[in-house]
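Single-structure report; data block below.
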């Protein structure tokens, strides 16, 4: 049984689209935009001022035959969608933008979850063949399957997923291609489609000959895994290509002497993520540096501009404000999660009990256990128990697998304080926190000197309101004005609400 719906654009043009109960609404949008000569990626469908879920079929949309749908423009910025990826019964949840392709979605989950392989799976066929055949992923969205590479390059928005949450079920279908050939074909296809965004595909070794012993049958190498290192004395079988700095181009060469002097340009720097990037020694003086800063008391005296600002704040607080709805709170949470997902690294400075400190550069996959392990690597007593405290509400960073950036919302540069646990003996507390080899690399914290501004510069920075306040104050002290200093103080007190009970 077939019917039709009528799609009306903003310029009152109309297009009739035939539908069946199994027709997906995203196809209805595409057919209407095709008839109206519009780009379907920029539009959505509305019915009675409500957006239609494009991911489902017509029978679940609640529309009747002959329904009139409104064609509206979508927001230019991508919305955040909560994606639940179901892989063989295991579910993984992540918030992703709607302009991300299905292939990129699977790659995001592969990167975030250790041991999860979706796009580079291989299974052995037969016995004692030693050959892995590619298992292609099949993504199911509301009963609709996407399996071809062209279909997996569709974005979530093109599949009808624009907001809210959606479950993507992933199954695997065995292909007739070997894992090596499939990875080469996928890599070449991604380079042709998105040459700037195509992920690196592993250069696997040529498939082993028949009769060789199979060494890995449970898991297949990931598409972004580094290529296997050739054994000593064997020739390199991969095709020649451009080499990076410090990479050997031929195998079987003599081992390099590590004690021989090498130029910095030819030797790549190997950075241990457990080692701190900066180490700072404790202050040499017990007197805080802020004590030596001398400021004129006049800078703390309130002015008319301060009183007016305070009055505006009190008036704003007195106004009734509407509480945010659940949708607004969820949208704010999704926006914050999207901002955290874009952070590539943070600098975390840990202050130790003896006032020394160290800085680590952390990436999004680093957890609390990693930071605790890194700190124990620089301690003189790594067996002593401690805890890490975030400033402000004193949130404790636990030694677990909770992500530091996504879980504790670390941004930019953060300061953590290390506190001893109660079972640490006093003798350990009195000794230096850092071990000798690390403490020898510590450097002093250089406090920049702030130049003192003259009276003319201060007036330029303060603005006209502060200048006028100073002129009024000078008139009051000189007796030239009817308002003396006591009247000014009473007026300021009334503005600031200091005389109220």
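The values are calculated or read from the model by the stated rules, or taken from the named source; none is laboratory data. These numbers were taken from a predicted model, which means no experiment stands behind them. Neighbour counts run over all protein chains shown; Cβ positions are idealised from the backbone, glycine included.
Here are the numbers:
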{"item": "Residue within segment 98-111 that is assigned to a strand (DSSP E or B), more than 20 Å from the chain's Cα centre (by Cα) and not assigned by TED's automatic domain parsing to the domain that holds residue 19 present", "result": "no"}
{"item": "Yes/no for residue 78 being more than 27 Å from the chain's Cα centre (by Cα), buried (at least 17 other Cβ atoms within 10 Å of the Cβ) and farther than 19 Å from residue 144 by Cα", "result": "no"}
{"item": "Residue among 268, 261 that is in a loop (DSSP other than H, G, I, E, B), surrounded by 10 or more Cβ atoms within 10 Å (Cβ to Cβ) and modelled with pLDDT under 85", "result": "268"}
{"item": "Which listed residue is assigned to a loop (DSSP other than H, G, I, E, B) and at pLDDT below 85, from 298, 285", "result": "285"}
{"item": "Pairs, first free of Cβ contacts under 8 Å to residues at least 24 places away in the same chain in segment 272-290, second surrounded by 10 or more Cβ atoms within 10 Å (Cβ to Cβ), C-beta under 6 Å, six or more apart", "result": "none"}
{"item": "Some residue of segment 23-38 being within 24 Å of residue 99 (Cα to Cα), at pLDDT 85 or above and surrounded by fewer than 12 Cβ atoms within 10 Å (Cβ to Cβ)", "result": "yes"}
{"item": "Failed item in (1) surrounded by fewer than 19 Cβ atoms within 10 Å (Cβ to Cβ); (2) in contact with a strand residue (DSSP E or B) (Cβ under 9 Å, 6 or more places away or on another chain), with residue 11 passing the rest", "result": "(2)"}
{"item": "Yes/no for residue 443 being loosely packed, with under 10 Cβ neighbours inside 10 Å, modelled with pLDDT of 60 or more and in contact with a strand residue (DSSP E or B) (Cβ under 9 Å, 6 or more places away or on another chain)", "result": "yes"}
{"item": "In segment 31-63, the residues that are more than 27 Å from residue 139 (Cα to Cα) and assigned to a helix (DSSP H, G or I)", "result": "35"}
